[in-house]
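Please read the structure below before turning to the comments.
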Amino acid sequence: MDKVTTRNNIKQFVKNFSLLITESFLYPMEHPNVIAQASRVFSQLSVFFDEQEEINIDISEGQFAFDGIPLYEIKQFTEKTAQLLQAKQITSISFKKELPPKSLARLISLFIEKSPPLDAQAIQKALEKEGMFKIVIEKVRPIENKNVDMLPSFDKIYGSSVEANKLVYSVLHSGNKIIPMDVVEKIAQDITAMILKDDLSGLALTSLRNYDEYTFTHSANVAILSVALTRTFISDSLTLNSLAKAALLHDIGKINIPIEILNKPGKLTDEEWLIMKEHPVNGAKIIEQQSHVDQLSVIIALEHHMKYDLSGYPNISQITQLHPLASLVNICDVYDAITSKRPYKKPLSPDKTLAIMMRLIGCDFDPQFFKIFIQMLGIYPVGSLVRLNTKEYAITKKVHPQALLMPEIKIIMDSKGKLLEEPFTINLADKEQNAALRNIEEVVDPETIGIDLLNFF
């Protein structure tokens, strides 16, 4: 079961688990509705146990989470249950293989106990007292050192941003016109903090993504790239945070475009192209309807497909000059679109993508911003898998603005195609480290040699 499928199955399980708790408050445990719902939950657990020994579900900040990433997409269905469990000081629930059905039923009965209500510690003690050891309840632990950096890891921030995008689209698809800006704000703050802390690791996420959901990963990638690019000349966190929000929402107008047009493998008809070109204006309108929204988000949604020479779309005669940050987002938007895997096309390598984009400097792209973009990203961006002239394979670790063709790399595979037990790092620009005169021959798609680059970061 791949990661995306596992995560989607976990969401369905958590929704059913949450509904089971809700129905148990409404009906007796022996009621047919409760019994049927408990059976669904137990069946889903059995499927997970076919492949793994244990399932862990976390509760944090009033949300369910899995593998450290909040399940934002199902927030509207599970938030009240998560808050109920958090009020009981529960931070994690672990279900172990060979869990008896009666243990699940007993857990639910302890959750809904009213006289008195039980906290995490009392629930765990009750389960153990009755010999039920296949469920483990974790209690909130006090933070011993409040000065510890609590910023989530880079991959968790990236996964959370993808989940946030799913939530936004899910809410709008349901007919609700109110974007959950609290979630967007939280993700924007984390992206900004991540870039300010270590922009290179943040950039790696846009190359190392193992999600196959372009609609949701694209906005996350554009946000990370845009903030990283702006960080090279603006260090104000408020400005960067506003930009992160705007970039996360820049394509929100696509909510009204039929999926068959968005994912069409061939050329769009004239009619379909007219529909596609409506999304910047529609996105700006959606954002304008929100309360407490930054005007920058409206501007970038409207202008991100307008080019440096004011061609592109929409064609608005009143706009005589693009907002600088809209020009910047445009560069990041095009780069990610070309380098991303789509249902109808394979991704183009970063070096080939930049070669194409360079031909459009001055008409599509702002020359100064594009120069900074290449210096930041390099010809072989951080996270790229490359093949060397020695037939070894390596991952780009660090880019040198003054030596774009000679980044710092980590060699992970020898010339015979064997993964190294101890990968090692060398700086191609350093003559002493690079005595073997290694150089990069080409960028390689990791899927062609069957490796997940996330394992090497």
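The values are calculated or read from the model by the stated rules, or taken from the named source; none is laboratory data. Note that this is a predicted model, so its numbers are computed, not measured. Note: ideal-geometry Cβ built from the backbone for every residue, glycine included; neighbour counts use all protein chains shown.
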Can you tell me how many residues within segment 390-434 are of a type outside the set (S, T, N, Q) and either exposed (fewer than 13 other Cβ atoms within 10 Å of the Cβ) or assigned to a loop (DSSP other than H, G, I, E, B) (or both)? 22
Say whether the condition of being in contact with a Phe, Trp or Tyr (Cβ under 7 Å, 6 or more places away or on another chain), farther than 20 Å from SER161 by Cβ and assigned to a helix (DSSP H, G or I) is met by at least one residue in segment 90-104. yes
Identify the single condition in (1) of a type in the set (A, V, I, L, M); (2) more than 30 Å from MET181 (Cβ to Cβ); (3) assigned to a helix (DSSP H, G or I) that LEU85 does not satisfy, given that it satisfies every other one. (2)
Quick test of your reading of the structure: GLN76 fulfils all but one of (1) in a helix (DSSP H, G or I); (2) at pLDDT 95 or above. Name the failing condition by number. (2)
In segment 1-10, what count of residues is obtained for those that are in a helix (DSSP H, G or I), surrounded by fewer than 19 Cβ atoms within 10 Å (Cβ to Cβ) and either touching a residue at least 24 places away in the same chain (Cβ under 8 Å) or among the aliphatic types (A, V, I, L, M) (or both)? 3
Of those in segment 252-276 that are closer than 18 Å to GLU303 by Cα and under 21 Å from the mean Cα position of the chain (by Cα), the residue surrounded by the fewest Cβ atoms within 10 Å (Cβ to Cβ) is ILE255
In segment 352-373, how many are in a helix (DSSP H, G or I) and surrounded by fewer than 19 Cβ atoms within 10 Å (Cβ to Cβ)? 9
Modelled with pLDDT of 90 or more and crowded, with 23+ Cβ neighbours inside 10 Å: which single residue out of ILE195, ILE135 fits that description? ILE195
Among the numbered criteria (1) at pLDDT below 90; (2) over 25 Å from ASP2 (Cβ atoms); (3) of a type outside the set (Gly, Ala, Ser); (4) part of a helix (DSSP H, G or I), which single criterion is violated by LYS177? (4)
ASP67 meets each of (1) of a type in the set (Asp, Glu); (2) over 27 Å from the mean Cα position of the chain (by Cα); (3) at positive phi with one exception, condition (2)
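For every residue, the table says whether it meets (1) within 23 Å of PRO101 (Cβ to Cβ); (2) assigned by TED's automatic domain parsing to the domain that holds SER170; (3) surrounded by 19 or more Cβ atoms within 10 Å (Cβ to Cβ); (4) out of contact with any strand residue (DSSP E or B) (no Cβ under 7 Å at 6 or more places or on another chain).
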{"site": "SER24", "(1), (2), (3), (4)": "yes, no, yes, yes"}
{"site": "ASN33", "(1), (2), (3), (4)": "yes, no, no, yes"}
{"site": "SER39", "(1), (2), (3), (4)": "yes, no, no, yes"}
{"site": "PHE64", "(1), (2), (3), (4)": "yes, no, yes, no"}
{"site": "LEU71", "(1), (2), (3), (4)": "no, no, yes, no"}
Given the residues ALA204, ALA223, which is the only one that is in contact with a Gly (Cβ under 7 Å, 6 or more places away or on another chain), outside any loop (DSSP other than H, G, I, E, B) and crowded, with 22+ Cβ neighbours inside 10 Å? ALA204
